[in-house]
1. Applying the selection to the stretch 172-184, what residues are touching a Phe, Trp or Tyr at 6+ places or on another chain (Cβ under 9 Å) and open to solvent by less than 40 Å² (accessible area, probe 1.4 Å)?
2. Among the residues that make up the stretch 74-85, is at least one of them surrounded by 23 or more Cβ atoms within 10 Å (Cβ to Cβ), small (Gly, Ala, Ser) and touching a residue at least 40 places away in the same chain (Cβ under 8 Å)?
3. Taking only the stretch 75-88 into account, find how many residues are outside any helix (DSSP H, G or I) and either polar (S, T, N, Q) or modelled with pLDDT under 95 (or both).
4. Which numbered condition trips up residue 48, out of (1) of a type in the set (A, V, I, L, M, F, W, C); (2) part of a loop (DSSP other than H, G, I, E, B); (3) free of Cβ contacts under 8 Å to residues at least 12 places away in the same chain?
5. Select, from 71, 36, the only residue that is modelled with pLDDT of 95 or more, out of contact with any helix residue (DSSP H, G or I) (no Cβ under 7 Å at 6 or more places or on another chain) and surrounded by fewer than 16 Cβ atoms within 10 Å (Cβ to Cβ).
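The values are calculated or read from the model by the stated rules, or taken from the named source; none is laboratory data. None of these values were measured; they are calculated from a predicted model. For neighbour counting, all protein chains shown are included, and Cβ atoms are generated from backbone atoms with ideal geometry for every residue, glycine included. Protein only, heavy atoms only, side chains kept; ligands, DNA and RNA dropped before computing areas. Shrake-Rupley method; radii C 1.70, N 1.55, O 1.52, S 1.80 Å.
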Amino acid sequence: MVTNHFEFERLIITGASTSYERSLFALIGSLNCNWPGHPPILVYNLGLAPDAVDVLMKAGLMVRDVPAFVPHWRSDFTWRPWCFHDAPAREYLWLDAGLCVLRPLDDAFEAIHRLGYFSVALYNHPVAPSVPDPLRRNAGIREDALSEMISISAGVHGIRKEGAGAELINEAYQLCLNHENMRATEPPHRHEQALLTLMLSKHFGPPLLADYHVYAYHDPSGPGIESRQKIWVHRRKMLDEDVAFFSSYVAKVGPTH
């Protein structure tokens, strides 16, 4: 169960394996360059190389191994609800390792503090086809209710782990222990994104949704990147020179980039 005794008030959490190592370093560097004074960062280790873990630890970052808590823990992003449950903070903001932070995200934490959550709309991913029937039934969600929901991003979200937020985190963790609740559907479901979407609607009602173009856009030539965009979802397609630049600031504050 989520405890009311937290090591941190606010925490940025992320996770990565070896295949996302370069992107993870770039994410951390982008935080240090483009959000000076950001909250502490906790990295969940999904199979990083020992030398990568050593770099993170020497940079003063926290690293936690994700245990094999169920046989299917690596499948369908089941590990992610475990991380949300484990995060030792009253308020956490999850940022995928394949992201680049372009501007400070204090407003995301303000939403978490005031609303109990921060969520980003994904209008191009309908909810109904992406929810496994066992998950819907076990979560106690009516089938007709799915048409009223809007998918939210699991890659950029935050929760206050008290009250309704604690109930959300606890139920999501219990549901993920059953692989039938996490298994991909056809069309391929969005893994733990379906779980998080259902849980947010169930425990908070229809959520207030942040602008996808500001907080989860993936096209660097699209609208807003020069004036409003705060997160770029680069999906490991960042230029090598930019990866190198940000990676050089894993352990220190750098210039805006």
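1. Residues of the stretch 172-184 that are touching a Phe, Trp or Tyr at 6+ places or on another chain (Cβ under 9 Å), as a first pass: 172-173, 176-177, 182.
Once the filter is applied, which keeps residues that are touching a Phe, Trp or Tyr at 6+ places or on another chain (Cβ under 9 Å) and open to solvent by less than 40 Å² (accessible area, probe 1.4 Å), the stretch 172-184 yields 172, 176, 182.
2. The answer is no, given that none of the residues of the stretch 74-85 is surrounded by 23 or more Cβ atoms within 10 Å (Cβ to Cβ), small (Gly, Ala, Ser) and touching a residue at least 40 places away in the same chain (Cβ under 8 Å).
3. Taking the stretch 75-88 as the starting set, the residues that turn out to be outside any helix (DSSP H, G or I) are 78, 87-88.
Filter once more, keeping what is either polar (S, T, N, Q) or modelled with pLDDT under 95 (or both): 78.
Number satisfying all stated conditions: 1.
4. That leaves (3) as the condition not met.
5. Values: 36 fails: modelled with pLDDT of 95 or more.
It is 71.
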